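To start, the structure under review is shown below, and the notes come after it.
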Amino acid sequence: SMDEHFEALTLAQLQQYRKPIGLLNVRGYYDPLLQMLDNMVDNGFLKPDNRHLCLDASDVSGLLEKMTTYEYQALKKWL
């Protein structure tokens, strides 16, 4: 669910979760959510590094490729 997805993203931001987090965006289902995240970056509410924690692809092979090549990088704190 969205609750678990954003909980995982929050834990990743807090450096308590270091595995890839992905959305299988079949037929653009998650496009509005991804656009909202991009808009949050554009308006300074979300750091680009945090945005990149959420991987997405329109097909399974593309998402698996992104997830298998994912490398955790520690994020800088806001303050």
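Data for the structure
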item: Matching residues, region 45-65, being surrounded by 14 or more Cβ atoms within 10 Å (Cβ to Cβ) and not in a loop (DSSP other than H, G, I, E, B); result: Asn50, Arg51, Cys54, Leu55, Asp56, Ala57, Gly62, Leu63, Leu64
item: Hits in region 1-23 - residues which are surrounded by 15 or more Cβ atoms within 10 Å (Cβ to Cβ) and either in contact (Cβ under 8 Å) with a residue 12 or more places away in the chain or among the basic types (Lys, Arg) (or both); result: His5, Ala8, Leu9, Ala12, Gln13, Pro20, Ile21, Gly22, Leu23
item: Set Gln13, Gln73: member being among the polar types (S, T, N, Q) and either under 11 Å from the mean Cα position of the chain (by Cα) or modelled with pLDDT of 95 or more (or both); result: Gln13
item: Matching residues, region 24-33, being surrounded by 13 or more Cβ atoms within 10 Å (Cβ to Cβ) and either under 21 Å from Gln73 (Cα atoms) or hydroxyl-bearing (Ser, Thr, Tyr) (or both); result: Tyr30
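The values are calculated or read from the model by the stated rules, or taken from the named source; none is laboratory data. Bear in mind that the values here come from a model prediction, so they are computed numbers and not experimental data. Ideal geometry is used to build each Cβ from the backbone, glycine not excepted, and the neighbour counts take in all protein chains shown.
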